[in-house]
Every structure is written in C-alpha cells, then in structure tokens.
2 protein chains.
Amino acid sequence: MSLPSSELRASVTSRRGVIGTGAGLAVGALAGGAAYGLMREEMPAAHPAGPAVPDGQVPFRGVHQAGIVTPAQDRMHFVALDVITEDGEQLRALLTAWTLAAERMTYGAEAVPGGSVGGGPYRVPADTGEALDLPPSNLTITIGYGPSLFDRFGLAHRKPAGLRELPGFRGDDLDPAACGGDIAIQACADDPQVAVHAVRNLIRLGFGVVAGRWSQLGFGRTSSTSTSQATPRNLFGFKDGTANIKAEDAAALARHVWVAAEDVPGAAEWMTGGSYLVARRIRMHIEVWDRTHLQEQQDVIGRGKLAGEPLGQKAEFDAINFSAKRTDGEPAIPLASHVRLAHADNLDGIKLLRRGYNFTDGSDGQGHLNAGLFFIAFMRDAHAQFVPMQRALAARDLLNEYIEHTGSAVFACPPGLSESQDWGAQLFG
Amino acid sequence: MSLPSSELRASVTSRRGVIGTGAGLAVGALAGGAAYGLMREEMPAAHPAGPAVPDGQVPFRGVHQAGIVTPAQDRMHFVALDVITEDGEQLRALLTAWTLAAERMTYGAEAVPGGSVGGGPYRVPADTGEALDLPPSNLTITIGYGPSLFDRFGLAHRKPAGLRELPGFRGDDLDPAACGGDIAIQACADDPQVAVHAVRNLIRLGFGVVAGRWSQLGFGRTSSTSTSQATPRNLFGFKDGTANIKAEDAAALARHVWVAAEDVPGAAEWMTGGSYLVARRIRMHIEVWDRTHLQEQQDVIGRGKLAGEPLGQKAEFDAINFSAKRTDGEPAIPLASHVRLAHADNLDGIKLLRRGYNFTDGSDGQGHLNAGLFFIAFMRDAHAQFVPMQRALAARDLLNEYIEHTGSAVFACPPGLSESQDWGAQLFG
C-alpha cells in the first residue's frame, strides 16, 4: 500500500531476463557480484494483447479477466480473504497495487520493482523470491468480490443484484472456516510454485488491509476449457468436463458465462463482462467409491469409465441420448445419474463453465486421504444457474453417497481491465 | 492380497499404449466400444535397467531403490502407514503385491492387471483410474520401514541396529498425528496426479492390512540431487540444496548415503545398500520471514538471496570460506547461520542427501498460509548424521526464529530389488 501505483508501474523486472526493447536501467550493485541481468528494470515495450504470447505468458488485460476461459492450467492456488480495515481508501489503494503486482507477475516479473534484492540489504525485500528463476508458466490471476464486501466502504449501491450468498443445499456439511470471504484470488499456472508465489505476494501486499480466511491448493485440473485440451480425470477416475463450455464457443460464453449490461443496470454496470465464480470444496470419499463395482460407478456418473462415452454411446463426445434403453428396458443413463441431472437438457438449458481442480490435503486422521475436487465454475447468474443445478443434484444425485460439500463461496469477478484501468478504480468507480 | 504374484506379474497394461514387443492379448471386450488399445495386456519384453529409459520412465529395480539418487522429480506424495493386521503372512503378501503394483505403475501401467475396466462391469475395478491417460512421468516409489514395525511379526532379529526413533530436539513442536508410522511410501513424479494415484492404489491394495497414518503432498522440489539440475528455491526464497550430495558423486554416496555391509551384521544384512530416510515436516512462518530485511535473511541463511553465493563469495558454487570477514571484522558467514551450522566442515564431515519438497496445506485459521518444507533426507546412519546435525541446528540456528518442526519420522529403506525379488521376501527373508 505504501507504494504509489506510479512507482509500481515504473518498471518490470523479468524473472526470465529482460522483457521488451526499452533501454535497460541497472539498479544498485549487489554485494557478491550476483547476477545483474536479473536486476535490470524496464518497462515492457508494449503490453501483450490479443492471443496468448509465446513463452507461457497469458495477457493480463482484456475485455474479460484471464483465468476464466484461459485454457485451464495444470495447477491452482486459491485464497479467500477478509478485509480487516475500515478504511475504504486503504482497500482501494490495495486493489490498485494488486493490479500492478498481478500484471507484473503474469509477465514473469517480481511482484514489485526492486523485488527480492533490489532494495538493498537494509530494506525488507519487496518480493519473496521463490519464483525468481521460474518462467511465467501461463500464470493468471483472477479477482472476485464476495457479497459481504459490499456492505461496507460505501459500496452498497455498486453491488450487483446477482451477488447474493448461496442458499443451503440438502446434504451440505460446510465448515464455516472454509466458506465465504470478502475477496477471492484465483492464481492458476502450470508450475504450482508460481501460483503459490503470486497468492503469497498479493496477501503480503495487503498486510493490515486483508487477512487470509481460507485457501486451497489444487494439484490437477479436472476440466478442459478449450477444444485444444484433452479431458482430464477427477479422483473418481472419470473424465470430467466433457460437456463443459469451451472457450471457442462464443455464443455459449455470451449466454452462460459473461454478465451482460442488461443484467446489471445502474451503478452495478461495472460488472458487465464479468462473471460469477462459485467455489465448492467437495470432499470425495474415494475409499468408499473404490469398493464399488465398475457398473455401479458408471451408473452413478452416467458415462463409461475408460473412454468417457455417455452410457449407450461409443465415444466421449457422442451426443447424449437420455432416451436410450439397455437391453433390459431400463434407461441406459440412470434417472439419478450425475450426468443426467446436471445436463442442460434436464435443467432448462442451464450450463456452467467449470474450471475445478483435484486436491489432496493430507489425511483425515481416520486412515483416509483428505482428497476431493475443488469445484470452481463461472457463470452469468449464480442463482439462476448454479443454484437450480445444485438443488437438482443435492436432491437425488447418486453421487451424493460418495461426496460431501465442505466449503462454499460465491464471488463477483469483474470484467477485464483496459490499459488505463486498475481494480481499485473499477470497483469504487 | 488376494492376487497371487504370478497373476500380478502376468501382464502389464500400459497407460501409454503397449510396452515391449511381445504379442498382444486382447482381454474382454468393453461395452460401448471403448479404446481397446488401452486394454492390451502384455509383459514388457525386458525390464529397463541401467540408465533411465526414454519417455519418463525410471527403472524400478536395481542395486538401490529408485527415488533416492534419482534426479528429484517435481512433485511428491508421501504417506506413512500403520500395519493393522496381526498376521505376518498378510503383511508379507501385501509387500509382494505392492512390489508388483509399484513396478507396473512406474512403467505407466495400471496398478493391477485388468485395472480400471478390464475386470468387467460387475467387479470392483482393480485400479482407481485417475492416471489412465497419463505418462509414467518419471514415477518412483520408494518404501521404508519404521522402528515400530520390527516389534511384531517375528521381525525383531532383522531390525537394523541403526533403526531407532529419533530423540527429541530443542524447539520441537511435534504433532503426534504427523509422526512415525510402520511403513512409509514416497511417490515422486513430474505429475502430481501420477504420484497421488500411486499412493492411493498402494493404500487400497493394503485394505485391512495397513491404514493411513499421515500423508503429505509436496508441490515443488527444494533440492537438486544431480549436477544436471538447477538448484530450486524454498519458500524463504533461497536456493536450497546447493551443497547437497549429488548422484554423480559415488564416493560421497558410499560414505554418506548407502548402508554398508559392515553397518548391518548378521540377520540385518538385508539392509546393505539401503538407506535411512528422515522426514521432518517443517512449518515455515513465511509471514514473519517476509517482514525481515534482506541482510537479516542472508545472515540467517549464510548465502546471498539472488545467486545463492556463500556470503563473501561471488557465485553459487564457490567454495565456502568460514574465515572470511566483512569490512567491519565480523565473520562474513555469521556464527549461527544455517549454512555454517549445517556444513560438513563444522560437523566432523557429516553430510546428508536431501530430497525435500515445498508444501502449502491451506490456511492455519489465523490468517496465515500453512506452508513450509517437507524435509526428506537419506543417509547411512540417522543417529550419526541427522541427529548431531539437528542438535547443532536446534541449539542455535538463527533460522529457528522462523521455522517449527511439526512432524518427524525415520524409516529404513531397503536396498533395491533384483529381478526375482520382492519386498516381502526381502524383509522377511
């Protein structure tokens, strides 16, 4: 917070060397002759924009935030924060500082100019340093705001009508310590150390203004968000996200993912082009699942395990036929299977953009792995999309025997930033 | 356990397609026309041996276990298990089944023939399936036995004299639930899903015989174990493992890492060529560390942050000079710095082979990330190497202000297996 945005903006130290073509400006010499190349402070000649640039960089600015339709990276670190200041100006300044730090890190730069060592021996390093030698690794940093944030700081009139806490669902076993939060940061990268570094340094910039509420490390993605990606598997061993909305389907994104101007009239119009993020920490009782036979597993999911085909079909992307019958006359896809209940055809056309990750958080003290799926989905209206879908699933999904929702949160993720914008100005107007 | 080793051995289903050159044997057709290629069951034409084979496979058999001097993979899943049966034959049979499953998985095969779907619809799948589409990813599976194991099953006479619980150390803040265990399995791979899959399927094979005690996911390696690897950084932002023993240094390995025949006379001779594994879960108070200035950080560690040079030198691999003085006459490397206290020159030549991983296990409920270093080291004698080193560090390491040891265990890792051996026969003789 003590760093004015102009200073943050002034230069970019690249972890991968020098970005852009501007003249280099060497900063304070290091004792011991350390690598000076890393210390050159430069502005990038131009912000990358448009399609993804080489070397694993995802453009930070654009019409929408990165990390939503960006082809899902391999790893994720997610944190929900409480705002602990009463001073809206401090929050606004933090959001401005975060914008610049986040943008820098997506270039592979350290969070703040000077970084780990450039401030000299008797200053606290401005970056924690553990990502110093690592490439950008397709890092994306996506921000979202919880309903509780808008009760303070004079933000009530800017609260989008759609941003309301989720209702309780049948079977919920939520741990309050893993729910909610004023602000969410989702950092995704192909290297977990890059994602963890990003979250840590943003939290650190917010010392005294925000405090960590809960966090989650995801080790493997469970959904493809682009037709260029193969469908990954969740910890039940099934391909997950076959029928997901894909980045290439602009019509589906407009209909299901991006908030339209008509959704947020008046002072909430800043959310146009944004999206609602629903996070659910789903503990999977994998040991119980692992004792069921293959047909039971396939009937629960509604797909084949090996190829991921809808039951009764042959290949993963074959059209689902809910009328198909088995030879015994029963539906090929059982009436309470996960795929049937969650499918748009049976939910008045509802779809979500899922972008979840597998997790294991050690053991549960009872001999089992504390493992599961950290469900993240983006949508245009959480209460018109996630809520009815989850109600249908909570009521009778066969999968409920094997899973437990232990954490829950909803956040409004603003649209992307233009060249001159930052998150502070975007939120406060 | 119910699977005789001959059956386990009979065939290898490769996740990556067919391994070797033998004739394929298609097994039961799948409903829905799923990918038959994956179902071909074959013996590999020959076990890979000697140097690492292509496609990310590490040979499972050899003089020593893989996963010790194997160039450290990017990710790790580690589990400590309690043996819950009273029947030694059950344990022995499990170790035999584990051997075959572990070997299969390092080839990229499913844990057990038949695997996820080959048993047909009305059998419980023999593999949990989440690694079906993933390459071997340099998976290594390393087993170790805790002191407590040898109190039962008639194994007392085979207990190596060096396998004794570690003493308490000053400052220890151990959680009993994260300490000890009868058996340890360390799975390392470049893809965390492959490592998690391996641990999960081995636990699963042990249902009724073993139960999980504690487990740890490591997201990033902190030590290089080969001269071919750059030194990674820990969560304090410093290069870690610069002075580590490297796989290429056979003399150092013989002196410091591998148990020699003379160390284990009599019925404990089976440990010849093995190594002791010390695991310490070290919580790092990163938020406190992040508030200290650069010089303090460098003085605590004894190295420069950017390049990792010993203080007073220029480059990472420059020789450490403990006599070097700063211009003010003080030692360049402070007397209580981590590097000085842990260095072989100040510990009668003691060295360890470190092979640790960074972790973040969510948040601690007090606004901080529950993050740190899962320290793993291999050595010839834990009580002659780790214990004096840790005593020296616990007494006065400046780093103690920023870290806390919360978990601890020691295991005897047997030598590698010959072509005809399995872990059951090796342990029970």
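None of the figures in this text is laboratory data; all of them are computed from the coordinates on show. Predicted, not measured: the structure shown is a model, and the values here were computed from it. Note that we place each Cβ from the backbone using ideal geometry, even for glycine, and neighbour counts take in every protein chain shown.
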Charged-residue dipole, Cβ positions (Lys, Arg, Asp, Glu), chain B about Cα centre, Debye nearest 20: 300 debye
Three-way shape label, the stretch A:258-399, alpha-carbon gyration tensor, a/c 1.5: oblate
Across the identical copies, how the B:Ala344 labels are spaced - nm, sorted shortest first, 7 Å along Cα→Cβ: 6.3
For A:Val210, residues with placed amide H under 5 Å, excluding near neighbours: A:Ile84
For the axis carrying chain A to chain B: nearest C-beta residue of A, whole Å: A:Asp361, 3
Mean separation of Cα contacts under 8 Å (6+ apart) over length of the stretch A:138-267, as relative contact order %: 22 percent
Three-way shape label, the protein assembly as shown, alpha-carbon gyration tensor, a/c 1.5: oblate
Leading residue at positive end of dipole, chain A (Cβ point charges), from A:Ala177, A:Gly367, A:Ala189: A:Ala189
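With 10 angstrom as the radius, rank A:Val410, B:Val63, B:Val58 by how many other C-beta atoms surround their C-beta, starting from the fewest. Show your work: numbers first, answer last.
On the way: A:Val410 27, B:Val63 10, B:Val58 23.
By the 10 Å Cβ count, ascending, the order reads B:Val63, B:Val58, A:Val410.
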Cα gyration tensor shape of chain A, rounded if a/c is under 1.5, else prolate or oblate by comparing a/b with b/c: prolate
Farthest positive-ward along the stretch A:123-245 dipole, Cα basis, beta-carbon charges - from A:Pro160, A:Gly241, A:Pro147: A:Pro160
Using a 7 Å Cα-to-Cβ projection, A:Ala395 label spacings across copies, nm, ascending: 7.1
Dipole in debye (nearest 20) - the protein assembly as shown, about Cα centre, beta carbon charges: Lys, Arg +1; Asp, Glu -1: 480 debye
Dipole of the stretch A:244-364 [Lys/Arg +1, Asp/Glu -1 at C-beta], most positive-end residue of A:Asn346, A:Tyr357, A:Val259: A:Tyr357
Degrees, to the nearest 10: A:386-396 long Cα axis against longest axis of chain A: 40 degrees
The stretch B:281-384: relative contact order as a whole-number percent, Cα under 8 Å and 6+ apart: 25 percent
Exercise: per-residue mean of other protein chain Cβ atoms within 10 Å, A:282-294: 4
Most fluctuating residue given options B:Thr85, B:Thr106, B:Thr272, as computed from a GNM of chain B linking Cα atoms under 10 Å: B:Thr85
Shortest-first distances to equivalent copies, position A:Gly367, nm, label 7 Å out along Cβ: 4.1
Residue among A:Tyr122, A:Tyr276, A:Tyr402 with the largest mean-square fluctuation in a Gaussian network model of chain A, springs linking Cα atoms under 10 Å: A:Tyr122
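Past 24 Å, Cα to Cα: identify those pairs from A:Lys246/A:Lys314; B:Lys159/B:Lys246; B:Lys239/B:Lys314; A:Lys305/A:Lys325, in the order given. Mind showing how you got there, number by number?
Details: A:Lys246/A:Lys314 22 Å; B:Lys159/B:Lys246 29 Å; B:Lys239/B:Lys314 14 Å; A:Lys305/A:Lys325 19 Å.
In this structure, B:Lys159/B:Lys246 lie more than 24 Å apart at Cα.
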Chain A, relative contact order in percent, only Cα pairs under 8 angstrom and at least six apart counted: 22 percent
Taking A:Val199, A:Val288, B:Val210 and counting other C-beta atoms within 10 Å, the order from fewest to most: A:Val288, A:Val199, B:Val210
Chain B: most fluctuating residue of B:Ala161, B:Ala187, B:Ala342 per GNM, C-alpha cutoff 10 Å: B:Ala161
Length released on extending from A:Leu335 to A:Gln229, taking residue separation times 0.36 nm less the Cα-Cα span: 35.2 nm
Exercise: per-residue mean of other protein chain Cβ atoms within 10 Å, B:190-198: 4
Point-charge dipole on Cβ atoms (K/R +1, D/E -1) for the stretch B:195-324, about Cα centre, debye to 20: 620 debye
Residues B:Arg164, A:Arg104, A:Arg355, sorted so that the one with the fewest Cβ neighbours within 10 Å comes first: B:Arg164, A:Arg104, A:Arg355
